[in-house]
Each structure stands twice: as C-alpha cells, then as structure tokens.
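The structure appears right after this line, and notes come after that.
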Amino acid sequence: MSKNFFTFLIFALISGSALSQEYRDTSYIIPEIEVISFFNNVNELNSPSNSTSLRGKEIEKINGRNAGDVLQTIPGIFVKNYGSGGSLQTISMNGLNAEHTVVLLNGSKLNSIQNSQFDLSLITKTNLKSVEVLTNGFSSVYGSDAIGGVVNIVTEDLPIPEKLNLKLNSSYGSYNTRNIGFSAGNKIKNFLWSIDFSDERSDNDFNYYYSNGTTRDLKARINSKYSVGNYVVSGLYNPSGSLSFKFYTQFVNSKKDLPGPETGTPQLLSNQKDRNWNNILSINYSGKSFSLSNEVNFQNNLMNYELIPFTLSYYRNLLVSNLTRFNFNFKKHTSVIGAEAKYAAVNSNELESNANRKQYSVFSSNTLNFGKIKLFPSLRYDRITDISDDVLTYKIGINYKPFESYNLHLRGNYSNNYSAPAFNALYWKTGGSRNLKPEKSRNIELGLITSGNLPVNYILSFTYLNINADNRIIWLPGNNYIWSPVNILESESDIFISSIRMKFNLSRDADLNAELSYTHNNSVKKSADFENDLSEGKQIVYIPSEQIKSNLEFRYKSFGINIFYSHIGKRFSDAENLTAISPSSVLDGNVYYEFKIRNFKTRLKMEINNITDTDYQYIPGYPMPLRNFLMSIQIDYSL
C-alpha cells in the first residue's frame, strides 16, 4: 500500500472523530453540487468557493438551444464556440483548457476518456432543471480533470403529483433551424416515470464576413448542416419513505457536417457522427442521521469522423463505474465518505488496441461549523492502473461571517488538483507517449460575498484565484514532423471575478432584474519549450484577457423582456502573442409572454441574436453568425 493511501486513512479517522461534536448547519453539501441561487436560498453565501447556479426560469430566459449557450452567460466562464448552432462547444475556466473542467450530468461525469473533454452542444436546453458551477479546482471530490472547475447539468425532476404531465415545445428560426420536443410523466402508486424527446435540425448556412487583407466579403457558411436527436427515459420507485430506486437512460444521436476553418480557399468536406448512450442506476437509503447511496453508471459512446476522401476514424468509448457514498449528519456537522471503482476503454482505428484504464478511489468531504467560522476539508486518493500512478488530492476551505447583523462572508480555500493523461495522448498509434504523467496544479482562492435588501435585493461578490499548473501536456513536432505529447508546460493564472445581481420590485406585478460581471484573466506560460523560447511569459492562446457580461430583465405580469450583453476581450492565436483576435461585443435579446387556459400553460418567445450585426469570432477561422432569430412555443398540460 502506498503512503498516500495511509495518509487518507489517517485523515478519515480524524474527520470521523469530529462526528461526536454536535453541530447544526448543513447548508453546503459538496459531493452533489447544491449551490442554490440567491433568490431561492443562501447556500452560495456559506460556501468556501465561488459558485453560481441557474435554475428553471433563469435558464428559460436565456437565448440559445443547448447547455453551452447557458454556460456562456455565467461569470468567469469562456465557452469556445466553433461556429454556433450544432458546432463544437467546449468550456474554458480560469485560463485552462476543456480537459481541465469536469462536466457532470445529474452528478455523473461526462468527460470522455479519449480526450478528457465534452461537447456541450450535445445537451439540449429544453429539459434542464439547473446548471451549477464551481469556479475552482475540486479534484479532492471529483478526481481527475477538476483542475479549473466543475459544471453539473441537472435535468428536470420526475413529476410528483399523481396526474399526467405533458409538455410540447417547438421552435423555428434563421437558417431553417427547427426543433420539436415532447415530454410526459406520471406517478402511479410508488412509481414515477418520465420520458423526454427532442429533435433539432438546421442548414446552419449563416452569413458572415471574410477579410483577405484587401477586401471584406459577405459569404455564407457551407457544409455546416446538423441534426441532433435526444431521447431520455427515467423512473423512480419508492417502496418506503427511506428506500428508493432510480434509473436514468439517455441516448443522443448527432450528425454534423464540419466546415473547417475559413481560410479563403475551398474546404475539404468532413462530417462527424456521435451516438452517446448514458445509463445511471442508483439506490438510496435515508436514515435519521445518515444516508447511503450507490450509483452504477454505464456509458457507450461512438464517434465516427470522416474527412473525404482521406480519413475515416472511429472511436468507441466504454465506461463502467460504481460510486458508493455514506452521508452523516450530526446537527452542525456533515461528513461524506465514499469509494469509486471505474473501468474505461477506447476501441479505435487510431489508438493502440490495449487502451483501457482501471481507477480506484476513496474520498472524504466534511463540513465543520464553529459558529462564525465554517471549515470544509476534503481528501481523495486515486489509483490509476494504466499510468501506474497514485494521486492524493486535498482541499481545505473556510467561510467566515464576522458580523451577526450584516450578511457578509469572507471565504477562501487552498487545494491541489490533477488531470490524468487522456487516451489520445497515451495511445495514439502515430505519436502517443506512454511516459506521460498527470498534470497537476496548486489553487488558491480568496473572496467575499455579501447580500442585502435595501433599497433593492442584491448579492455582490469578489473572487481572486491563483492557479499554478505544472506537468501540463503540450504537443511538439519531432524530427519526422510527427507531433507527440510531453509534460513540460508550466503556467500561472491570476483571475479576478466580480459580479453583482439586483432585483427591483417595481410594483406588485412588475420587477426588474439586473446582473453585471467582470472577469480579468492573466494566464501566462511559465516554462520554455527550448532555448530562447519567445512564448515564455506570454498569455496562453485563446484565453481572453477580460470579459464583461450583463443581463437585464423587465417583467410585467406574464410579459417579459431580456437583454444580454457580452464583451470578450483580446485573445492571442499564437504562442508568441504576435497575432490577436479582435475584441468583440455582442448584444442579444428576447421577448416572451405566458398565459394559462384551463389546464394548458403556454409560453411564447421570440429571440434575436447579435442584434447589432457584429462580425466576430471566438476561435480564429470559425466565424459566428450575423443577426438571426428564433421563435419558440412551449405548452404544458396537466390532467
């Protein structure tokens, strides 16, 4: 047994001894992200880390059709969008890449073992209950990839009333974009069931401007058509008040034509087909002062990529995992102790035949309440077989409320985090390297958050993050011009995030909601790849130096107007910072109207995106659409 494992056991015993103390505040539960928004509860005030949650109506008011569009509105997050619609969307947090952020669906990890990333465009917005974000490293709870942060995407709950619930939604917009969705659910004695279906298609042949240095031409995107089908079945059986069984299965069938970067020359035709099947079966038991849960997750994801007439690649990702958690509640104290076993394999014509990984983990996460001070220690041990490595990660967080009469909380945390090499880097037949080590980081966070209701309801927060990452993996060309990954990159990120949310009650029937956030991100490369490397000390590519986001909503009875403003600062597209992508400011908006007739509740919405017809890009060579629209209708019916 390794010394890291014995360290974990000692930590667990110390944490367990604290159970004898009688504490009484359990508002912050880390293993299942529960960061209730300010207007529903105050849990995010009591957390040791910057957190954001969007729920229900907050998600409905946002423009767009998938999880990536929702996340783009959250402070501190940069979604790399490769052309709107069904194009690839990956997340960047705190100056790090998509493989450094854990993406969860209902608490189960979605990051592919193939590349440690997940395409956010594959999750439609229609049945989302909430999107929850922790903007800092949490490997001590969620393991590999959680260096930059954690995103949990939560789908709608099963229906509680003993009656049939039906929902129909449809939309049509620019570029022949159309969507149809249907969901139904009911409760029969102790069994609740729900089904959900959506189908979205688009020609996606949007207009954009292309500049060749002398002229600026209006063009239409070609080879950009896509279709995404999403099918969900879930159920809950509750034979007693303390015992429940729950299952969730989702199948996503996606086909996308890939236009590639715009360079002014004819593009090669390519396409990608994804068939992702995700299954979750959980058993939960709740006692008076403790609960037990066991969750089995099986994923079977197939991706086919075709570059006509040169390449035909396939990747089949298989994953089986079992997660067991014991939750203890002792008035002011909570403790979670758990274990996870995981097997993952990839079968591909691009990777070696033995690409598989077994991972065994144990973890402990705790909340200790000492009146004005709350402490949040957590520790995790991971054994990863294919790289023959064991990793011990920890986090210690604090939340301090110095004044009884004023709702001000000071918070901070320190953690170490890691990301295991993805299979593309380890097992690529042409240039993969079996000698790669996990990427690691040391994260420091300091901040404050305060709320009040005079003269308006508000919540104000300031957060500073410092992340030192080493052993980062970069790809370098060899003597034979074949690129291979190596552990040599070191980087440091200094991030400042400030945000304010306000709610004005104008009258009994009218209110005004406003949000404004500013993010400054200085993420620089601290290592040299070779002697006289001019990229050392320069900003990491594609990371915006600043972001400004604001939302404004006016509601009168059942009518509402939303305005969204986003400013993305300068980004560099080369390692030496010689070429920059111009800053861009984009304005979106929508109007909606809700009404109810008998058992029918209807919501009409009209979205206008890029109102000012701005010519912009998130990634060089991948233009975003000019002004466009989307009309939608949603009908809920209950017997």
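The values are calculated or read from the model by the stated rules, or taken from the named source; none is laboratory data. Worth saying up front: this structure is predicted, and the values here are computed from it rather than measured. With ideal geometry, Cβ positions are generated from the backbone for all residues, glycine too; neighbour counts draw on all protein chains shown.
Before moving on, here are some points about what is shown:
- Residue in the stretch 140-156 that is in a loop (DSSP other than H, G, I, E, B) and surrounded by fewer than 20 Cβ atoms within 10 Å (Cβ to Cβ) present: yes
- The stretch 520-542 - residue that is in contact (Cβ under 8 Å) with a residue 60 or more places away in the chain and not polar (S, T, N, Q) and, of those, surrounded by the most Cβ atoms within 10 Å (Cβ to Cβ): I540
- Residue among L281, L268 that is part of a loop (DSSP other than H, G, I, E, B) and either of a type in the set (A, V, I, L, M, F, W, C) or under 28 Å from I195 (Cα atoms) (or both): L268
- Put simply, of S584, S545, S550 the only residue that is of a type in the set (G, A, S), touching a Leu at 6+ places or on another chain (Cβ under 8 Å) and free of Cβ contacts under 8 Å to residues at least 40 places away in the same chain is S550.
- You will find that of V141, V154, the residue that is among the aliphatic types (A, V, I, L, M), touching a Pro at 6+ places or on another chain (Cβ under 9 Å) and within 30 Å of S240 (Cβ to Cβ) is V141 and no other.
- Here F629 clears all of (1) of a type in the set (A, V, I, L, M, F, W, C); (2) free of Cβ contacts under 8 Å to residues at least 40 places away in the same chain; (3) under 30 Å from G260 (Cβ atoms); (4) not in a loop (DSSP other than H, G, I, E, B) except the condition numbered (2).
- Among all positions in the stretch 108-123, there is at least one residue which is part of a loop (DSSP other than H, G, I, E, B), on the phi > 0 side of the Ramachandran plot and touching a strand residue (DSSP E or B) at 6+ places or on another chain (Cβ under 9 Å).
- Taking the stretch 570-593 as the range and being more than 27 Å from the chain's Cα centre (by Cα) and crowded, with 16+ Cβ neighbours inside 10 Å as the test, only N577 passes.
- Residue match in the stretch 113-136 (condition: modelled with pLDDT of 95 or more, closer than 30 Å to S582 by Cβ, buried (at least 20 other Cβ atoms within 10 Å of the Cβ) and among the β-branched types (V, I, T)): no
- Entry remark, the stretch 184-200: residues being under 29 Å from S254 (Cβ atoms) and of a type in the set (D, E, K, R) number 3 in total.
- Boolean, P421 is surrounded by 23 or more Cβ atoms within 10 Å (Cβ to Cβ), outside any strand (DSSP E or B) and of a type outside the set (F, W, Y): yes
- Residue among S484, S517 that alone is within 22 Å of V70 (Cβ to Cβ) and either in contact with an Asp or Glu (Cβ under 9 Å, 6 or more places away or on another chain) or touching a residue at least 40 places away in the same chain (Cβ under 8 Å) (or both): S517
- When S441, S388 are checked against the criterion of being touching a helix residue (DSSP H, G or I) at 6+ places or on another chain (Cβ under 9 Å) and either within 30 Å of I482 (Cα to Cα) or of a type in the set (K, R) (or both), S441 stands alone in meeting it.
- Qualifying residue in the stretch 322-336 (condition: in contact with a Lys or Arg (Cβ under 7 Å, 6 or more places away or on another chain), farther than 25 Å from S47 by Cα and in contact (Cβ under 8 Å) with a residue 60 or more places away in the chain): no
- Failed item in (1) basic (K, R); (2) under 27 Å from A98 (Cβ atoms); (3) surrounded by fewer than 20 Cβ atoms within 10 Å (Cβ to Cβ), with R411 passing the rest: (3)
- Residues considered: L506, L512. Of these, the only one that is more than 17 Å from S92 (Cα to Cα), hydrophobic (A, V, I, L, M, F, W, C), free of Cβ contacts under 8 Å to residues at least 12 places away in the same chain and touching a strand residue (DSSP E or B) at 6+ places or on another chain (Cβ under 7 Å) is L506.
- Residue that is nearest to R201 (Cα to Cα), among those in the stretch 213-242 that are over 25 Å from the mean Cα position of the chain (by Cα) and assigned to a strand (DSSP E or B): A220
- Taken together, T393, T430 contain a single residue that is exposed (fewer than 15 other Cβ atoms within 10 Å of the Cβ) and either over 30 Å from K503 (Cβ atoms) or aliphatic (A, V, I, L, M) (or both), which is T430.
- Complete set of residues in the stretch 605-627 that are in contact with an Asp or Glu (Cβ under 8 Å, 6 or more places away or on another chain), surrounded by fewer than 17 Cβ atoms within 10 Å (Cβ to Cβ) and modelled with pLDDT of 95 or more: I611, R627
- Residue match in the stretch 367-375 (condition: farther than 20 Å from Y427 by Cβ, outside any strand (DSSP E or B) and not basic (K, R)): yes
- Residue count for the stretch 524-569, restricted to those that are within 23 Å of the chain's Cα centre (by Cα) and part of a loop (DSSP other than H, G, I, E, B): 7
- Residue count for the stretch 54-91 under the criterion of being surrounded by 24 or more Cβ atoms within 10 Å (Cβ to Cβ), modelled with pLDDT of 90 or more and among the basic types (K, R): the result is 0.
- The one condition from (1) in a strand (DSSP E or B); (2) at pLDDT below 95; (3) small (G, A, S) that S353 does not meet is (1).
- Residue count for the stretch 466-502, restricted to those that are part of a strand (DSSP E or B) and more than 30 Å from T519 (Cα to Cα): 6
- Those residues of the stretch 528-579 which are small (G, A, S) and at negative phi, in sequence order: A528, S535, S545, S550, S558, G560, S566, G569, S573, A575
- Tally of residues being outside any strand (DSSP E or B) and of a type in the set (S, T, Y) across the stretch 570-605: 3
- Entry remark, the stretch 187-203: residues being farther than 30 Å from K225 by Cβ and buried (at least 18 other Cβ atoms within 10 Å of the Cβ) number 3 in total.
- Checking each residue in the stretch 58-105 for being in a helix (DSSP H, G or I) and either in contact with a helix residue (DSSP H, G or I) (Cβ under 8 Å, 6 or more places away or on another chain) or farther than 17 Å from N179 by Cβ (or both) picks out E58, I59, A67, G68, V70, L71, A98, E99, H100.
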